[in-house]
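To start, the structure under review is shown below, and the notes come after it.
Every number in this text was worked out from the coordinates using simple rules, so none of it is lab data. Small disclaimer: the values here were computed from a predicted structure and weren't measured. All Cβ positions, even for glycine, are placed from backbone atoms using ideal geometry, and neighbour counts span all protein chains on display.
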Amino acid sequence: MKKNLKYLFNIILSCFLAAILFSCSASKIPESELYPLQKIIKIPEPTGEQKLEINSEIKSEFVTSEKSGNIKISGYETKNQLFLEKVIEPLVATHLDELVKKSPTEIINTLTLFGYEIYQTYLGKDFYRWGGDILDLDDPQERSHRYQFSFGLDCSGFTSLPYELAAYFKLIKPKQALFSSKGYEIYCELNNKNDIGGREGTSNNFRLDTPELAVLGKEVFRLEKNQVPTEEQIKLLQPGDIVGRSGHFGIIALLNGEAYYLESGGWVVSKNDGIPVKAFEALKIFASTGSITVRRCLEINN
């Protein structure tokens, strides 16, 4: 009798585990169904020369610079602007006439998906680099993940990427692109606010980090720790909305008509092999680590 019960228990347990595994695998969106993420700016395979010049293994130089107040900052600089000028700019430039006809949210959506995919194309699924932003505004870094490497974006560097590109290519007025360095500089001027995001409390050239992203723009909604987003809240999301809290942020984009969450680093996309995650599941996972807010700087559906 005990053997029969044990046998029955093992069968039930095996079925339960199989159901969980099937559910997990079935819920994961195949990469082939999403990539290419956007259809406007085609990303060609990098040439051999490009792969040698821009890849995840290129080390940076150790430098020391002097900032105001005779403060000396030492560390490793990024070279993302080289990536921007040599690879990103030529690709985007051929589509400016097409992009400028789109609404700001559509522009940000395209640039979010394009930026994510082109960084993955050149640097791999995980392109996180502490202190990395597209314009190399941040101070040289002397610690943390991949701080000695030339290319890569940290979470705020990626979250602000589409806004930086939109302002750089003059597709959106800087004042509209609040989540960009140019937009933030205007905000600081209008609100008599000092830019103190750099190391040792110095200026960070208006490069946005997570403490700034956590207070800028309009709060769309908030989730407390372990709170699950409602269907109504997911419907409120639009491209360019940022998600997180001081410490980590990601961004929302539309893929095939559905809201997805993308990030550099973090706890959501990195656990999904670098593949964007549907917004409902992503926000649920993110909120399990602590309270988060969804913030917006663009007018709804503009």
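A few comments on the model shown:
- Across region 226-241, rounded Karplus estimates of 3J(HN,Hα) from the backbone phi angles (6.51 cos²θ - 1.76 cosθ + 1.60, θ = phi - 60°) give 6, 7, 9, x, 8, 4, 5, 5, 4, 5, 6, 5, 9, x, x, 5 Hz, Gly and Pro being marked x.
- Residue among Ser68, Asn192, Asn256 farthest towards the positive dipole end of the chain, charges placed on Cβ: Asn256
- Between 0 and 90 degrees, the angle of helix 2-27 with respect to the longest Cα principal axis of the chain falls at about 30 degrees.
- As a proxy for reagent exposure, Ser32, Ser144, Ser181 were ordered by neighbouring Cβ count within 10 angstrom, fewest first; the result is Ser32, Ser144, Ser181.
- Over 27 Å (Cα to Cα) - which of Lys39/Lys225; Lys39/Lys86; Lys125/Lys218; Lys42/Lys86; Lys225/Lys278; Lys79/Lys218 fall in this group: Lys39/Lys225; Lys125/Lys218; Lys79/Lys218
- Summary value for the chain: 17 percent relative contact order, contacts being C-alpha pairs under 8 angstrom separated by 6+ residues.
- Entries in Lys170/Lys284; Lys101/Lys182; Lys51/Lys72 that, when Cα-Cα distance is taken, lie over 32 Å: Lys170/Lys284; Lys51/Lys72
- The H on the amide N of Phe149, modeled in the peptide plane, is under 5 Å from the matching H of Ser60, each at least 5 residues off or on a different chain.
- Karplus-based coupling profile of region 209-219, in residue order and whole Hz: 10, 5, x, 6, 4, 6, 10, 7, x, 9, 6, with θ = phi - 60° in 6.51 cos²θ - 1.76 cosθ + 1.60 and x standing for Gly or Pro.
- The residues Tyr122, Tyr260, when put in order of fewest to most other Cβ atoms within 10 Å, stand as Tyr122, Tyr260.
- The chain - charge dipole about Cα centre, Lys and Arg +1 at Cβ, Asp and Glu -1, debye rounded to 20: 1120 debye
- Degrees between helix 181-190 axis and first principal axis of the chain (Cα, 0 to 90, nearest 10): 70 degrees
- Proximal aspartates and glutamates relative to Lys271, as straight alpha-carbon distance under 15 Å, when same-chain residues fewer than 8 apart are discounted: Glu31, Asp126, Glu263, Glu281
- Dipole moment magnitude, nearest 20 debye, region 101-196 about Cα centre, only Lys, Arg, Asp, Glu C-beta charged: 400 debye
- Extreme residue, positive dipole direction of region 149-208, given options Phe151, Ala166, Phe206 (C-beta unit charges): Ala166
- MRE, 222 nm, helices only [DSSP H, n ≥ 4, -39500 (n - 2.57), over the chain, to nearest 500]: -10000 deg cm²/dmol
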